[in-house]
Amino acid sequence: MRLREKLERGVYSEAMESFTLYKICRIKNKWITDAMSEILCTFLLALFVYASGAQDILTRGASSSPSGRALASGVGLGLAVYCGFNASGACVNPCIALMFCLTGKLQWKKWPVYVICEFIGAFLAACLTYGIYNELINEFDGGQRQVYGMNSTSHIFTSYPLDGISKRSGFFDVFVGCGLLTSTTCMLIDPYNAKTASGVIPVALVFLLYGIIMSFGVHTGAAINLTIDFSGRFFAYIIGYGSEVYTRADYWFWVPPVACFCGTITFVTVYQLMIGNHLPMDEEKECDDVNSDVSKIKQIQNEFLQCYTTNNGNHVTNNSHVSDSDHMTSTDTLNTVSTECSKL
């Protein structure tokens, strides 16, 4: 009876294991898993960005502040990278994916897939943010979706330059901000440079994004992520803000994408040409180690031959036995040679 119960329990246990989430759905196609990873990771980042902006704007700074939004964005980036680090790499930004391609860490044919999935993730985050804050938005603007004025709420989802800021100033603001983001990320993940531990990289990115937003965010709202800016702008357009989200500030909408791509290519290229391309590779280090070992072996061989020649010459000259002290010296030298060879 006991044996039967054990068998039944064993069958039941195996059946229950087959119903765990890990067993039910496990996709092995790398293209699909990378796509899902980018959607979820970008969703996490964009949700923190949109929601922190909504809390700041809708309470007129009572519940948050620009520094609070910057920190929330950094935390969102850190969590997103932790989420997809070993899956797709958690690019969460077309310019980061571009940097991956430029440095050989991502195949070029995957770049369009990453970009599309990142736009999907950011759009879904905009939808969720709007659903959560819809009542506060209606109370804030009286149900009239506005792009201009004190009761404007469209900049929850997208960015505009400050009044009086020219396109040229805004362009270089985004150019530098996105360039710093991508080039510094390139440095952090460079296996031949600082060799940053994988678990530390997301934490470093939190402070990196916080610093960039607090340093280059006043002119344009730190529009350094194309997916968040463009997906949010499109979402604002379809929910009633109208075409003004594209025409405001003399058709500002095209400036951030161009500035981001130009900044990425420029800063990453400068890093690679000035630092990245000149770092010693693992193969070069191995060759240096081998050459060093060969030099040590040759030195030991020369010492051994010198010792042998000296002792042999003494033996021929004296035509007699070598003294005990000479034997001891020769023995000590041979022992030293054997020890050094064993170390190599």
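General remarks:
- Inside region 186-198, residues that are more than 11 Å from the chain's Cα centre (by Cα) and over 23 Å from residue 270 (Cα atoms) make up a count of 1.
- Any hit, region 40-52, residues being surrounded by fewer than 19 Cβ atoms within 10 Å (Cβ to Cβ) and not aliphatic (A, V, I, L, M): no
- Matching residues, region 242-277, being over 18 Å from residue 187 (Cα atoms) and of a type in the set (S, T, N, Q): 243, 247
- Listed conditions (1) assigned to a loop (DSSP other than H, G, I, E, B); (2) farther than 22 Å from residue 84 by Cα; (3) under 27 Å from the mean Cα position of the chain (by Cα) are all met by residue 176, apart from (1).
- Among the candidates 87, 126, 97, residue that is surrounded by fewer than 17 Cβ atoms within 10 Å (Cβ to Cβ), within 21 Å of residue 40 (Cα to Cα) and among the aliphatic types (A, V, I, L, M): 87
- Search result, residues across region 209-251 that are assigned to a loop (DSSP other than H, G, I, E, B) and under 20 Å from residue 167 (Cβ atoms): 217, 218, 219, 220, 221, 222, 223, 224, 225, 243
- Scanning region 58-84 for residues that are of a type in the set (Ser, Thr, Tyr) and surrounded by 19 or more Cβ atoms within 10 Å (Cβ to Cβ), we see that the one that is nearest to residue 207 (Cα to Cα) is 73.
- Residues considered: 95, 41, 83. Of these, the only one that is in contact with a Cys (Cβ under 8 Å, 6 or more places away or on another chain), farther than 22 Å from residue 256 by Cα and assigned to a helix (DSSP H, G or I) is 83.
- Residue-level analysis places residue 228 among those that are out of contact with any strand residue (DSSP E or B) (no Cβ under 7 Å at 6 or more places or on another chain), more than 25 Å from residue 104 (Cβ to Cβ), in the same structural domain as residue 42 (by TED's automatic domain parsing) and among the hydrophobic types (A, V, I, L, M, F, W, C).
- For region 100-113, filtering for residues that are more than 12 Å from the chain's Cα centre (by Cα) and either buried (at least 24 other Cβ atoms within 10 Å of the Cβ) or assigned to a loop (DSSP other than H, G, I, E, B) (or both) leaves 4.
- In the set 169, 159, 152, 88, only one residue is in contact with a Gly (Cβ under 6 Å, 6 or more places away or on another chain) and either hydroxyl-bearing (Ser, Thr, Tyr) or not in a helix (DSSP H, G or I) (or both); that residue is 159.
- Residues of region 148-170 satisfying the condition of being more than 28 Å from the chain's Cα centre (by Cα), within 18 Å of residue 51 (Cα to Cα) and either surrounded by 15 or more Cβ atoms within 10 Å (Cβ to Cβ) or not assigned by TED's automatic domain parsing to the domain that holds residue 88 (or both): 152, 153, 154
The values are calculated or read from the model by the stated rules, or taken from the named source; none is laboratory data. Just so it is clear, the structure is predicted and the values come from calculations on it, not from any experiment. Don't worry about glycine lacking a Cβ; one is built from the backbone with ideal geometry, like all the others, and counts go over all protein chains shown.
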